[in-house]
Structure formats: structure tokens, C-alpha cells
Amino acid sequence: MVESRHCHSPTAMKKILILNGPNLNLLGTREPAQYGYTTLADVETFCKAHGEKIGYAIECFQSNWEGALIDKIHEAGQAFKAGELLGVVINPGALTHTSIALHDAIKGVDPLPVIECHIFNVHAREAFRHHSWISPAAAGIVVGFGVDGYLVAIDGLVRKTVSSAATKKP
């Protein structure tokens, strides 16, 4: 059975999907000297509050299973085409460095805007963390802002999408 974590903001407004990959469910308890004491539930709570403040419902999903994340990306592509979803913020965790399948899923639902988000500056960590398979498929990347990076990514997604929509010719 695939275990995953969901949170839904119960509003009818357009949604933003926040995806979190493997081990992010351990935020607050995993290596707190490195990652701090903020839990994933805390992150979800402040993302939902921020979303409501700027007029977007936030749906959060975390899974340690690559396939579950791919399924959510596919669903997000359909919701985007239906006009129900603004885009996705994804912290793929360690799958950043290994998952061609996540890259292909994001490319497969183009033009769904996806913002890649990392708590730490991955380029300042171990060399094996410097490469991202997600970045070439992402509309933008946020790294190194701690858990506040989720808010930066949400704001960036809104600005990029609204700005992009505003400048398109009919």
C-alpha cells in the first residue's frame, strides 16, 4: 500500500499544488541541526495560510513513493487544462538527483507550470546533489531560503503565471 500525506484547503478558488518527496515527512525530527525543527505539518499550515491570503487554495501532498508523485503530476496536468489549478510547487527531495521519471512526467504535462523548491542551496552541499533532473523541466527554481522558500515559490508561481497570462496576445 502506498502511504501518503494529504491536506486540502476547503475553498472553491483556483488551486496550487504543493508536492513533497521522500523523507520530507521527517522534517522537524530528521537531523534537526541541519533541517531545523519546523515540521511538514507546519510547512503545510503556513503554505495554506499564505495561499488564502493571496487568493489561492493550497493542496499539499507528500509521498515517499516516486510513482505516487508522478500520478499527482499527471492529475495536476489535467486540472491545469481544466482551469482548476494554477500550477505546482515541488520539493522532490532526493528524487531531484535521480528521477528521470519525474522529469518526464513534468515534461509530459507541459505547459503546466512547475516550480522546483529546495530548503537548502543544493549547490552548496555534496557534489552528488548539484545535478537536478527536475530543473530542466521546471518553470523556475527556488533554493536556499529554508522553509520560507515554499512561500517564495508560491509567490513566484503566481507572479510568473499571472504575468505570463497578462502578456499573452488573444
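The values are calculated or read from the model by the stated rules, or taken from the named source; none is laboratory data. In this text the structure is predicted, and so the values were computed from the model without any measurement. Cβ atoms come from the backbone with ideal geometry, glycine included; neighbour counts cover every protein chain shown. Ligands, DNA and RNA are excluded from the accessible area calculation, which covers all protein heavy atoms including side chains. Shrake-Rupley method; radii C 1.70, N 1.55, O 1.52, S 1.80 Å.
May I ask for the angle, rounded to the nearest 10°, between helix 66-81 and the longest principal axis of the chain, with both axes built from Cα atoms and the value confined to 0 to 90°?
Taking the Cα atoms of the chain, the angle to 66-81 is about 20 degrees.
Amide H to amide H, which residues 5 or more places from residue 142 or on other chains are under 5 Å from it, using H placed in the peptide plane?
The list, which skips near neighbours in sequence, is 116, 117, 118.
Taking the Cα of residue 125, stepping 7 Å toward and past its beta carbon, and measuring to each backbone N in the stretch 90-114: which are under 14 Å?
91-99
How far, in degrees from 0 to 90, does helix 40-54 lean away from the longest principal axis of the Cα atoms of the chain, to the nearest 10?
Tilt of helix 40-54: around 20 degrees.
Which whole-Hz ³J(HN,Hα) couplings does the stretch 137-153 yield from phi under the Karplus relation 6.51 cos²θ - 1.76 cosθ + 1.60, θ = phi - 60°, glycine and proline marked x?
These are the phi-based 3J(HN,Hα) values: 9, 7, 7, x, 9, 10, 9, x, 9, x, 5, 5, x, 4, 5, 4, 5 Hz.
Would you mind putting 48-54, 150-156 in packing order, based on average other-beta-carbon counts within 10 Å, highest first?
Listed from highest to lowest mean packing, they are 150-156, 48-54.
Using Cα pairs under 8 angstrom and six or more residues apart, how large is the relative contact order of the stretch 76-121, in percent?
Relative contact order, the stretch 76-121: 49 percent.
Distance in nm between label sites at residue 42 and residue 110, each 7 Å beyond Cα in the beta-carbon direction?
3.9 nm
Per residue, how much accessible area does the chain have with a 1.4 Å probe, in Å²?
With the other protein chains kept in place, the chain gives 51 Å² per residue.
On the accessible surface of the chain, probed at 1.4 Å, how many percent belong to carbon and sulfur atoms?
Looking at the chain in its full context, I get 56 percent from C and S.
Quick check for the chain: number of Lys pairs with alpha-carbon distance under 19 Å, counting only pairs 8 or more apart or on different chains?
21
Averaging sequence separations of C-alpha pairs under 8 Å and six or more residues apart, then dividing by the length of the chain, give the relative contact order as a whole percent.
Computed value for the chain: 23 percent relative contact order.
Have a look at the DSSP beta bridges in the chain and tell me what percent are antiparallel, nearest 5.
Percent antiparallel among DSSP bridges in the chain is about 20.
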